[in-house]
């Protein structure tokens with residue numbers, strides 16, 4: 001499939017738009033992978049849906065599914081993503097204490113992947129951190145959380161921004177940041193728990 005500019009604004013609309021562009025009556029592994037590729041290109045790794053979910057969407061629009069291919073494709077995708085999802089679920093950026101533990105896990109995983117020369121794993125790890133940072137920034141805009149929690153979320157999103165920009169320097173930067181007067185003034189009570 002060539003690089004194409006899709007007009008859809010939602011994942012569901014993009015799934016349908018790509019399926020229609022493929023101009024196929026039945027959908028199997030090849031078509032599902034092409035739709036996943038378009039989702040990743042348009043919305044990023046965090047917007048990716050399982051092959052079974054995509055198949056359900058196009059089936060609702062009238063596509064005939066090649067069920068054995070759909071099932072095999074979904075099983076393969078889930079096996080490939082199991083380790084990534086379980087690692088992501090082990091991260092918690094809700095407050096400074098849990099965020100500190102989570103960035104330590106991120107850094108340990110990065111060093112392991114780097115030592116194993118796992119370029120794909122490193123990209124996926126960066127995607128996890130970028131998605132977490134995006135979530136933190138969205139939460140920080142919420143009007144229903146208190147100012148202290150909002151400041152913590154902004155601080156943690158800054159940690160992830162630095163990690164994404166320069167992971168090699170991150171540990172030293174974080175150590176200096178946590179010792180800074182500004183940080184201690186803003187988070188002294190919270191920091192005692194870390």
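So is residue 69 surrounded by 13 or more Cβ atoms within 10 Å (Cβ to Cβ), outside any helix (DSSP H, G or I) and not assigned by TED's automatic domain parsing to the domain that holds residue 165 or not? Steps first, answer last, please.
Values: surrounded by 13 or more Cβ atoms within 10 Å (Cβ to Cβ): yes; outside any helix (DSSP H, G or I): no; not assigned by TED's automatic domain parsing to the domain that holds residue 165: yes.
When the stated conditions are applied, residue 69 does not pass them.
Residue under question is residue 91, and the condition is that it be without any contact (Cβ under 8 Å) to a residue 60 or more places away in the chain and part of a loop (DSSP other than H, G, I, E, B); does it hold?
When the stated conditions are applied, residue 91 passes them.
If residue 102 satisfies all but one of (1) at pLDDT below 95; (2) over 26 Å from residue 43 (Cβ atoms); (3) part of a helix (DSSP H, G or I), what's the number of the condition it fails?
Evaluating residue 102 over (1) at pLDDT below 95; (2) over 26 Å from residue 43 (Cβ atoms); (3) part of a helix (DSSP H, G or I) leaves (2) as the failure.
Can you give me the number of residues within the range 159-182 that are surrounded by 14 or more Cβ atoms within 10 Å (Cβ to Cβ) and without any contact (Cβ under 8 Å) to a residue 12 or more places away in the chain?
Total satisfying the criteria: 1.
Among what's in the range 23-32 and is at pLDDT 85 or above and surrounded by fewer than 16 Cβ atoms within 10 Å (Cβ to Cβ), pick the residue that is nearest to residue 67 (Cα to Cα). Write out each step before concluding.
If we filter the range 23-32 for residues that are at pLDDT 85 or above, which is where we start, we get 23-24, 26-32.
With surrounded by fewer than 16 Cβ atoms within 10 Å (Cβ to Cβ) added as a condition, the list becomes 23-24, 26, 30.
Details: 23: 18, 24: 15, 26: 10, 30: 13 Å.
Once the filter is applied, the top-ranked residue is 26.
Scan the range 106-136 for residues that are part of a helix (DSSP H, G or I) and loosely packed, with under 14 Cβ neighbours inside 10 Å and report the count.
7
Please go through (1) farther than 16 Å from residue 174 by Cβ; (2) touching a helix residue (DSSP H, G or I) at 6+ places or on another chain (Cβ under 6 Å); (3) in contact (Cβ under 8 Å) with a residue 40 or more places away in the chain for residue 148 and return the number of the only condition it doesn't satisfy.
All conditions pass for residue 148, except number (2).
The values are calculated or read from the model by the stated rules, or taken from the named source; none is laboratory data. Since the structure is predicted, the reported quantities are computational estimates derived from the model, not experimental observations. When we count neighbours, we look across all protein chains shown, and the Cβ atoms used for this are built from the backbone with ideal geometry, even at glycine.
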